[in-house]
Amino acid sequence: MNMMVRELIAKWLHQNAPYLEASEYRNLIAFPPRPEMGDYALPCFQLAAGLRKPPPQIATDIAGKLNSSAYPEYVDKIEIQGGYLNFFINRNWFCNLTIDLTERITEKKRATAADENSGRVVLVEYSSPNIAKPFHVGHAFSTVLGQALANIYSFAGYEVVRLNHLGDYGTQFGKLIVAWEKWGNEERLQADPINELLTIYVRFHDEAKDDPQLEIEAREQFRALEEGSPKQFALWKKFREISLQEFTRVYERLGIAFDDYSGESFYSPLIPGVVDELAEKGLLEDSEGAKIVRLDDESLPPCIILKSDGSTIYASRDIAAAIYRYDKWNFFKNIYVVGLPQKLHFQQVFAVLDKAGYAMAKDCRHVGFGLVRLPEGKLSTREGEVIYLENLLDEAVEKTRAMVLANAEQRNIDMTETEMDAIAENVGVGAIVFTFLCNGRERDIVFRWEDILDFDGDTGPYLQYTVSRCRSILRRAEEADLLHSTLKLDSHIDDGYLIGDVAWAVISAMAQFERAVNQAIEENEPSHLSRQLLAVARSYNKFYNDYPILRADTQDRNFGLILTRTIDNLLSLGLELLGIAPVERM
Ligand code: ARG
């Protein structure tokens, strides 16, 4: 919204003081840090050289030109402060505009500029856990981040395809087959699949230390699998299905579904074609029996395409996958939400694609993220102390339930067990989800329950609490029959209504929503949206504390209710984009 106002001011400036094009004015106009400096400011410093005048004089000169014409309806006054020309916007005009636009985008769940992006396919690959391995917190980070990005792109009008690139192939499956044949137990597998597979896999590694024969057997089993032998294939398929069932349980809890689960196994058969292509293009070199692509020009280590035993590896599967995806979807962007430790891997993959002449390489993006730690230290699968996402969610829900219960008792709220469970589930899961999204994604995350579940902190529960507060006000207004007589008639604010600074802060924060969405897309960084929602909620809660909405006189009450309704809609949409379910009360 305030992009639009910036546009308008730029045009007005250009019409009356044509020193610059409207677009140039627009790029200069900034948002001042303090309310007394106005809502928009034109810094005149860059004009000084061209006009050979000091900036304050330019500001005065432009102000004079503007003052000689009638102000447009959206400008209340202009002020010169040093080298700045400050614009004070007509609050009522802006407020009506902002509320209108916000209602429109929240109702349609579509960004204002969504049409510009229609038909542009954005692939978002995320989660991508490994079969027969636990879904650990690192995968949770990818899952939550990818889901939020996919939602945000979709809101912005892109055609989003959600991909889960399962780690369902590789030499480790040879090991797993050997381990299963020797020590596997069907009953234990059914009871706790991932745990059983992990246990026998760990045992394989333990025993292989003293028994090198095991590794040889594993290689043979993997080769048999690659050749499609029925027994090995059946086992692999069973492991894959049973693992996916486990993962799906978590996905459902997070409200996630993918469009496509083609993992590494799907792309493996495409590798020979890629190897031929790279050879034809003269990119493939021998190196100690392996086939590699040199990336010296890019100052990257060579990318290994085929190992010396002829088996394929991770990178070749990714190269094949990118080409396949481009053929299939002709993507606008191809995004990989994968931890930062794989940064080099993706640089190499994209560099090989580029060398092979694929212009789409520049549309491929690795969206990396930091490590997740508990205060005790790094989470690791290898040490045997695996942190399952499910356990983390359970703990969050349990702790949340205790807080909701205490809160309900303290405030004498009647709640059924079922309602309490549902609230605890949504808020607890939301708290974990928000923790992954509230800071820059490349930063490491340290889990501290006091922070994550702080109902007043920069948290998911705080946002959910604000939504539930809005809904409770609207419910009470409805009960007192205040909604019908006022809100449903007209959402506009009367011309003469005086909008105070606290309410103005809510409107200004609200107006930044789409800007935050755009930033989130530009940087593939959902935290821009998270921070924006926190700012909206903070400003609204201040308003709520300052104005007893339901007890105010009609005009103030109407305004407060309109604001409450729009904030409810906006925060609910924002939470939904982040992958968090709002709650009616808590
Ligand atoms: N399965 C891999 C892991 O758990 C992540 C896959 C990332 N995606 C990709 N296209 N390589 O580490």
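The values are calculated or read from the model by the stated rules, or taken from the named source; none is laboratory data. The structure displayed is predicted, hence computed values, not measured ones. Glycine also receives a Cβ, built like all others from the backbone with ideal geometry; neighbour counts cover every protein chain displayed.
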* Structure fact -> The residue from Arg411, Arg401 that alone is modelled with pLDDT of 95 or more and either more than 16 Å from the ligand (Cβ to nearest atom) or buried (at least 17 other Cβ atoms within 10 Å of the Cβ) (or both) is Arg401
* Which strands (runs of 3 or more DSSP E) does region 284-342 wholly contain that include 2 or more residues that are touching a strand residue (DSSP E or B) at 6+ places or on another chain (Cβ under 9 Å), farther than 30 Å from Gln147 by Cβ and within 16 Å of the ligand (Cβ to nearest atom)? -> 303-306
* Asked: So which residues in region 256-283 are more than 16 Å from the ligand (Cβ to nearest atom) and farther than 30 Å from Gly428 by Cβ, if there are any at all?
  -> Pro269, Pro272, Gly273, Val275, Asp276, Glu277, Leu278, Ala279, Glu280, Lys281, Gly282, Leu283
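Conditions (1) buried (at least 24 other Cβ atoms within 10 Å of the Cβ); (2) without any contact (Cβ under 8 Å) to a residue 60 or more places away in the chain, marked per residue:
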site: Phe141; (1), (2): yes, no
site: Gly146; (1), (2): yes, no
site: Arg162; (1), (2): no, no
site: Gly167; (1), (2): no, no
site: Gly170; (1), (2): no, no
site: Ala191; (1), (2): no, yes
site: Ile194; (1), (2): no, no
site: Arg203; (1), (2): no, yes
* Just one of Tyr74, Tyr84 is among the hydroxyl-bearing types (Ser, Thr, Tyr) and touching a residue at least 60 places away in the same chain (Cβ under 8 Å); which is it? -> Tyr74
* Does region 291-299 include one or more residues that are under 30 Å from Gly174 (Cβ atoms) and hydroxyl-bearing (Ser, Thr, Tyr)? -> no
* Scan region 176-200 for residues that are closer than 13 Å to Leu235 by Cβ and part of a loop (DSSP other than H, G, I, E, B) and jot them down. => Gly184
* Structure fact -> Condition set hydroxyl-bearing (Ser, Thr, Tyr) and assigned to a helix (DSSP H, G or I), scope region 1-52, selection surrounded by the most Cβ atoms within 10 Å (Cβ to Cβ): answer is Tyr25
* To do: Considering only region 229-255, state which residues are of a type in the set (A, V, I, L, M, F, W, C) and either closer than 12 Å to Ile194 by Cβ or within 16 Å of the ligand (Cβ to nearest atom) (or both).
  => Trp236, Phe239, Ile242, Leu244, Phe247, Val250
* Among residues of region 404-420, those that are within 16 Å of Tyr465 (Cα to Cα) and charged (D, E, K, R), counted -> 2
* Out of all the residues in region 543-586, which are part of a helix (DSSP H, G or I), in contact (Cβ under 8 Å) with a residue 24 or more places away in the chain and among the charged types (D, E, K, R)? -> Asp546, Arg557, Arg565, Asp568, Glu576
* **Which listed residue, of Phe94, Phe87, is in contact with a Gly (Cβ under 9 Å, 6 or more places away or on another chain) and within 30 Å of Leu573 (Cβ to Cβ)** => Phe87
